[in-house]
Structure formats: structure tokens, C-alpha cells
1. Out of curiosity, is B:Gly164 farther than 14 Å from B:Ile251 by Cα, at pLDDT 95 or above and within 16 Å of ligand 2 (Cβ to nearest atom)?
2. Cβ-Cβ below 7 Å, separation at least six or inter-chain, first residue in the range B:129-140 and free of Cβ contacts under 8 Å to residues at least 40 places away in the same chain and at the interface with chain A (Cβ under 7 Å from one of its Cβ atoms), second of a type in the set (D, E, K, R) and within 7 Å of ligand 1 (Cβ to nearest atom): which pairs?
3. Limited to the range B:195-232, what total is found for residues that are within 16 Å of ligand 2 (Cβ to nearest atom), in a helix (DSSP H, G or I) and closer than 27 Å to B:Glu7 by Cβ?
4. Residue check: is B:Thr235 within 14 Å of ligand 2 (Cβ to nearest atom), at pLDDT 95 or above and not in a loop (DSSP other than H, G, I, E, B)?
5. Pick from B:Arg93, B:Arg117, B:Arg58: which is of a type in the set (Lys, Arg), within 16 Å of ligand 2 (Cβ to nearest atom) and either on the phi < 0 side of the Ramachandran plot or within 12 Å of chain A (Cβ to nearest Cβ) (or both)?
6. Please work out if A:Lys248 is of a type in the set (D, E, K, R), assigned to a loop (DSSP other than H, G, I, E, B) and either out of contact with any helix residue (DSSP H, G or I) (no Cβ under 8 Å at 6 or more places or on another chain) or farther than 18 Å from A:Arg204 by Cα (or both).
7. Before we move on, is B:Ala157 crowded, with 21+ Cβ neighbours inside 10 Å, at the interface with chain A (Cβ under 9 Å from one of its Cβ atoms) and touching a strand residue (DSSP E or B) at 6+ places or on another chain (Cβ under 6 Å)?
Amino acid sequence: MPEEPKRINMVQAINLALREEMQRDGNVIILGEDVGTDGGVFRVTDGLMKEFGPERVMDTPLSESGIVGTAIGMAVYGLRPVAEIQFMGFIYAALDQIYAHAARIRSRSRGRYSCPLVVRTPYGAGIKPPELHSESAEAFFCHMPGVKVVVPSTPYNAKGLLKSSIRDPDPVIFLESTRLYRLIKEEVPADDYTVPLGKARIVREGRDVTVISWGSMLHRSLQAVEGIDAEVLDLMTLNPLDEETIFKSVRKTGRVVIVHEAPKTCGFGAEISAAIAEDAMLYLKAPIMRVTGYDAVIPLPRLEDYYMPTISRVRKALEEVIKY
Amino acid sequence: MPESIIESINVKRLEILDVNGDVDSSLMPALSDNEIKRMYELLVLARTFDERALHLQREGRLGTYAPILGQEASQIGSAFALEKTDWVFPSFREMGVYIAMGYPIHMLFQYWGGDERGLITPSDLNIFPICIPVGTHIPHAAGAAIAAKHKGDKVAAVAYFGDGGTSKGDFHEGFNMAGVFKAPAVFICQNNQWAISVPRQRQSASKTLAQKAFSYGFEGIQVDGNDIFAVYKATKDALKKAKSGNGPTFIECFTYRMTHHTTADDATRYRKDDEVASWKPRDPVLRLKLFMAKKGLWTEQYQKETEDKAKVIIDKAVSEEESIKPPFPGDMISYTYEKLTPRQAKQIKDF
Ligand SMILES: Cc1ncc(C[n+]2csc(CCOP(=O)(O)OP(=O)(O)O)c2C)c(N)n1
Ligand SMILES: [Mg+2]
């Protein structure tokens, strides 16, 4: 008998996904800073070391490039490592390992080796931390052929997407919004469901405008569309991008607003806009609008709320495109 | 309270075979006459490969190539100690290792000719594809070694890199991981005294590179890298130690890059001829030859046969490589992920 679904938050859902995957496959291993005894600074890996032992939940030295580099060696050897980078701002030290190696090993060896690795990292603003704890650098990884980029926005999807990521044969960057970690609770079944990578989801159907978002900004977008006949898409996987779902919606509504937390210039919204311009231009009734973070270093908490797209900024963009 | 010494380290240097071809028999590893001959034949084969690769590059048939001249003993000696089941993480100047491991030689020409398919390691070997960004593969060896330990496999992971590689952050991070998790890893540095134009002294103010290992909690040893017996013994011992659960070892092979960094480099711009000349008498192939001659294992006739055999093998590899069909251009897309993305599925139609 499957257990009754419980109402849990995203931290608990990710923890559950990790636990189930570790039970299912002895090759799944967690490594990172403070992931073991402490259960991770956000408690995402809480209890896992106790259940699976220090050989499978490895507290590593403070060493981002080393963590990812070691995980690459493990993955190619035949394990399924899930590496945690404590905050996205510290993943920069491991970019070389991700881009120069994880992304390329399959191609470099023409399929002889592969790198089934997941790098989990908390991203985004909203928890009033010090500098470099609020980054939203998803676009970097979308520009790395060979890497997949996944950003869940709800506990249910976080669990299903993480399970798919762990089973995926290629490297996945899995971004967890710190703001969402404990914000929402929903029913998450304790059974073995997965949510496929590369598929967006229609959160709300509508006819007048398509709002495209992911992660924490999805929730702002949902608040902003109240009273508007808007279709809201949650991309969930940024790379590979589910263009089908986007184009279908755009052909229906003819208007697009893209919302993301990262700076505007070369943010992932630019890619989506270009894709729509290439493939669905003739269906557009209004210019594509992007509501994003500013082209600025993300500020410390005092100015954080000014940096992030607000409901009213999204609302303004919606009103603008609907005028056409 | 007086100050006290809480730690001191001793850095060993191992030499067995001297420039006159005499050995210290108390240190000499157990090797049969046939094994010694096999070592010599591999040295000659590797040198023949190297000469041919330079020749083919000048003819425009290979791209930029990194020669191994002078470093053959470090490569053959260490690889000779490896099992086929061990995992090898090479950088770009390791053709002697590949040849000693039995990698198909035509595939080496194929790789240097610019075709990724040359890196499809045969299934009976575990050689990781060549790492171009210097030193960044060191953590991979640590990770593979930890994975081997986790799975209970009796294998070691071996990373090859240069003196320049020891200055990279990944050297530190990889060594640190290997030390903390007591990984069955062997790190082999060919200190060939140069990183393109930058001399060894500019990489580190440390007296030896070997001593760096001690700060990660494991042993480092310097060996005469032109002495094939010393390299073999140090590697053999390190592998035994790794496989019996006693953690990693760092081996600094003290050797010399006898020629240009690559075919795109001109070493006369930054180093003196007399420095190069001073290393000539220490040639690793000559040294083993002198030893074998004294033991009655080497004759003019044997030399000729060995050279002829090497030439036949290399000729055959070159013609084999020439007969390979060019790659399908769409291959550059096909191997990015296990499956094509929807976009890639459209892009690949260009071919
Ligand atoms: C990270 C990185 N930086 C720079 C280069 C360019 N480069 C190629 S080889 C080399 C020198 C390497 O020296 P060393 O590690 O001693 O190896 P060797 O070439 O002597 O075998 C440099 C600077 C590179 N390939 N990777
Ligand atoms: Mg060097």
C-alpha cells in the first residue's frame, strides 16, 4: 500500500527524492560541504548520512572545483554522484570542471565515456544573506552544450525532477530556489513518480498573453496575472528547452512576457525571445517583453527588493502588451 | 614552554640505473630478461612513434603535436607497472603511456590528426580521454579512485601531469580529496623542467615537487625519471600500496623535455643549448641499452631487429589511419547528450 501523500515543503521533497534514489540505487552518492553530519546548511540532506553512512553521504573539504572534479571521476567510473555546491555564488570556482570536463566527456570520447552527474545548488535572492549567496546564474549553464539545466518551482516537481536528473545519463545542474525552500507546501506522494526533463508545464491556461517563467519568479508571475486571461508556463528545464510548448502557447495568445530574476543582458529570457522571434514571429500581436533583474551586481538585502522583479513590474508589462 | 618539532618530513629520491648502465642491485626490481627486453622495445617503439608524428606534422598530416623525446622512461617505466584494469588519466604528452598500455597506435595518429574518434578507448582499457586544460584532471583521478574503493574493485587511478600542472588549484584540490578519503590513486608528475617557456623554478619555490604531497597526508617521492627501473619500482610500490588500502602516492619523475614544447613552439627563444646538451648523456634509452649490453641482452643485431620491428608497426599504423573514412560531420552534435535535443535534431539535418 502506498503511503498517503503528505503536505511537505521543497526541502523535504528534495530530501525524499534523494532518499528514494539512494535506496533504489547503491551507486547514488552525495558529496559536498556540510552535507553529512549537519545535513546541509538548508537541511536538504538531513538524516541521509545516518541512513546511508559516511561512505555514501560524504562531507568533503571546502573545495568547489575539487567536489565537482571528484564527482566527475566518480560518475565516469560508474557511480551516480549528486554533488552539492553550498550556494550558487560558489559554483564559479567549479565552472572550469563543469564546462571543460563534465559537459564534454561524452563528446570528447565520442560516446565511450559519459558523466551522469547532478550538481545541486541553492540559487536566487530572498533570504537576506551575505554577498554571493543570492546568485541566479542559470544562463551560464544553458550556454554549455552537454549540460542540462533544471529549475523546479514546487515541492512535487522538485521531487520528480530530481529523480529524473539522478537517472539522466548526462550532467544536470539542478537549481533550488532558496526563497521557495520553505515557502510552499503541497501534497507530495511517497511513491516513485518522476517528472521528465525537457518538458515545460502549463500552470494556468489563458488566451490573451503567455507568461514564461521558472523557479521562484513563477510564483510572482502567478500573483501578477490575477484578473488577466493569461497562460502561465513553468519551464522547469531550461536546457533542453521545450520550444514546442512555448510556441503552441504563443500561437494561441500572440503576446509574451518573460520573467526572470537574473540580469537582463544575456539572461535566458533573451534566448526565449529569440526563439519565439525565429519560429512564431507571425503570430505575435505585441513586442515580447522581459521583466528581469537589473544589469547590476545583485545587492545586499537592503536593496534586494528593488532588484528583483516585483508583482507590479510584471503587471505593468502585462498591461503594456495587452494594449496592442 | 620550549618550542618543539611537531612534524618533519624526509623526501626520498630513488635512482637505480646510472648513466653508465650500472644498477644498484639492492634496489633493482624483479624483472625477467624478457621483461627488460620488452621495456627496451617499448622505448624504441615510443621514440619511433614520436619521430614519425613530428614528420607527419611537418607534412601537414597531423595537427599540433607534443613530443615526448627524453621522457620515454618516465612513461614506459610507469605504464609497465600498470594493469589493464587500472584507470589512467593522461594529459597530452603521454604517448609512451598509451603505447605501453597497448592502445591501438593508428588511433593515436587519428587523434593528433584532429579526429575525436582516436579517443574511443578500446573496451579492455580504462584510459580517460586526453586532458588539455593543464592539471584539471587530477581531481578526476581522485574521484575514480574513491569510486573504485566504494565498489570494492582492486584497481588504482593514475593521473599523469607536468611540473606546470602542480601550480594549478586543481592539483591542490585533487590531492586534498585523495588524501582525505585515502583514495587508491597514484599521481605521476613528469617534471621535465619546463612549462612551455617557464622554468621549473617559476612554478614553485618548493625545493622539490615531491614534498608537496606530505601536506596532503601522503608520501611523495622523487625518482630519476630517465631511469626506467626507478620509475617502474616507484610506480609498482605505489600501486601495491594503493590497492592494499594505504592511500595515494605522488611520484615526481625528474626528467627533461629534450625538444620544443610542441610543434608550434621554438624552444631556442627561452633556453640555452648547453642546458639541453647537458641532458644528452642522461638519455633514458641509451642508459637501458648500456645496461643490457653489459648483461649480454643487447647486440647490434638485436638493435637492428628492434628498430625494424618498430618501423613496421608504425608504418602499419600510419597506413591503417589513412584508410579510416572521414568522420560524419553530424558526429559533433550527436555525442553532446545521450539523445539529441529537439533543437539538435533540427541542426543535424544540415549534414
Ligand atoms: C589551464 C591551462 N593553461 C594553459 C594552457 C596552455 N599550455 C599548454 S601546455 C602548457 C605548459 C604545461 O607545462 P607542464 O605542466 O610542465 O607540462 P609539459 O608541457 O611540460 O608536459 C601550457 C601553459 C593549458 N593547456 N591549460
Ligand atoms: Mg613541464
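The values are calculated or read from the model by the stated rules, or taken from the named source; none is laboratory data. None of these values were measured; they are calculated from a predicted model. Quick reminder, even Gly has a Cβ in these numbers, built from the backbone with ideal geometry, and neighbours come from all protein chains shown.
1. Working: farther than 14 Å from B:Ile251 by Cα: yes; at pLDDT 95 or above: yes; within 16 Å of ligand 2 (Cβ to nearest atom): yes.
Spelling it out, B:Gly164 is indeed farther than 14 Å from B:Ile251 by Cα, at pLDDT 95 or above and within 16 Å of ligand 2 (Cβ to nearest atom).
2. Matching pairs, first to second residue: B:Thr136/B:Lys168.
3. 5
4. Numbers: within 14 Å of ligand 2 (Cβ to nearest atom): no; at pLDDT 95 or above: yes; not in a loop (DSSP other than H, G, I, E, B): yes.
So B:Thr235 fails the test.
5. Working: B:Arg117 fails: within 16 Å of ligand 2 (Cβ to nearest atom); B:Arg58 fails: within 16 Å of ligand 2 (Cβ to nearest atom).
Testing whether each residue is of a type in the set (Lys, Arg), within 16 Å of ligand 2 (Cβ to nearest atom) and either on the phi < 0 side of the Ramachandran plot or within 12 Å of chain A (Cβ to nearest Cβ) (or both) leaves just B:Arg93.
6. Criteria not met by A:Lys248.
7. Values: crowded, with 21+ Cβ neighbours inside 10 Å: yes; at the interface with chain A (Cβ under 9 Å from one of its Cβ atoms): yes; touching a strand residue (DSSP E or B) at 6+ places or on another chain (Cβ under 6 Å): yes.
It is true that B:Ala157 is crowded, with 21+ Cβ neighbours inside 10 Å, at the interface with chain A (Cβ under 9 Å from one of its Cβ atoms) and touching a strand residue (DSSP E or B) at 6+ places or on another chain (Cβ under 6 Å).
Conditions tested, residue by residue: (1) at positive phi; (2) touching a Leu at 6+ places or on another chain (Cβ under 7 Å); (3) outside the structural domain of A:Ser312 (by TED's automatic domain parsing); (4) β-branched (Val, Ile, Thr).
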position: A:Glu231; (1), (2), (3), (4): no, no, no, no
position: A:Asp234; (1), (2), (3), (4): no, yes, no, no
position: A:Ile246; (1), (2), (3), (4): no, yes, no, yes
position: A:Thr253; (1), (2), (3), (4): no, no, no, yes
position: A:Lys264; (1), (2), (3), (4): no, no, no, no
position: A:Ala270; (1), (2), (3), (4): no, no, no, no
position: A:Ala274; (1), (2), (3), (4): no, no, no, no
